[in-house]
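Enquirer: Pasting in a structure now, in structure tokens, and then I'll have a few things to ask.
Just so you know, all these numbers are worked out from the coordinates, no wet-lab data involved. Model, not experiment: these values are computed from the prediction. Neighbour counts run over all protein chains shown; Cβ positions are idealised from the backbone, glycine included.
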Amino acid sequence: MKKKIAVYPGSFDPVTFGHLDIIDRAAKIFDQVIVSVFVHSEKKHMFDIDERAAMLKRAVKGKKNVSVDCFEGLLVDYVRKKKTDIVIRGLRAISDLEYEFQIAAVNRTLYSPIETVFFMPRQRYTYLSSSVVRDIAHFNGDVSKLVPPHVVKAIAARKNK
Ligand code: ADP
């Protein structure tokens, strides 16, 4: 049977326990999950793309069917290159829906076989986003309940530069 490969795209700036919750759910359902960090020219980043990918790689180490990659350009082109048509996204709250709905619809217009599959994280991560982590870090708050320990360290190192 054909392997079911799914692409989970995002900024992951930095990876949070919310992302990891979605990755675990997707990895239970699909044969392979490719977590892909995308270069977003408009967004201001805390970590560059290589740092984000390295933190993700460390966070998913030990998850056998999960790999990490980076991409630039249109998601539909990237997905085709990876020989799949499944995209994973996370839904935290209804407020995510409007944006996600728009992206999914646009992607389907560009490439009709694409299927966007949404996962809900456990309740305690529904408020969590990378930007919340960046905001807390900005004011030297404790992010240890929100991101893995190596990300806590990377944030501290960035702040002390
Ligand atoms: P963010 O900066 O909002 O974390 P990303 O681009 O890194 O954004 O997010 C990639 C995908 O992961 C998006 O579909 C986003 O909705 C989802 N996501 C991010 N954080 C969570 C979370 N805490 N729970 C569920 N999904 C999430």
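Enquirer: For the chain, just the Cα set please: Rg and Dmax, both in angstrom.
Expert: Rg then Dmax for the chain, in Å: 15.5, 51.
Enquirer: Oh, and also: Would you mind ranking Glu51, Glu98 so that the residue whose beta carbon has the fewest other beta carbons within 10 Å leads the list?
Expert: Fewest-to-most ranking of Glu51, Glu98: Glu98, Glu51.
Enquirer: List His19, His138, His45 from most exposed to least, where exposure is judged by having the fewest other Cβ atoms within 10 Å.
Expert: Starting with the residue having the fewest Cβ neighbours, the order is His138, His45, His19.
Enquirer: Right, next: Applying 1/(1 + (r/R0)^6) with R0 = 25 Å to the Cβ-Cβ distance of Glu98 and Asp24, what FRET efficiency is obtained, to the nearest 0.05?
Expert: After rounding to 0.05, the efficiency reads 0.45.
Enquirer: Only Lys, Arg, Asp and Glu count, each charged at its Cβ (+1, +1, -1, -1), so figure out the dipole size of the chain about its Cα centre, rounded to 20 debye.
Expert: So the magnitude is around 640 debye.
Enquirer: Where does the range 17-61 land on Rg(C-alpha)/(2.2 N^0.38 Å)?
Expert: 1.27
Enquirer: Within 10 Å, count the other beta carbons around each residue, average over each peptide in 106-117, 65-76, and list them highest first.
Expert: So the peptides 106-117, 65-76, ranked by packing, come out 65-76, 106-117.
Enquirer: I've got another one for you. To one decimal place, what Kirkwood hydrodynamic radius in Å is obtained for the range 90-141 from all pairs of distinct Cα atoms?
Expert: 12.9 Å
Enquirer: Take the Cα of Tyr127, step 7 Å along the line toward its Cβ, and report every residue of the range 8-29 whose backbone nitrogen sits under 20 Å from that point.
Expert: So the set is 14-22.
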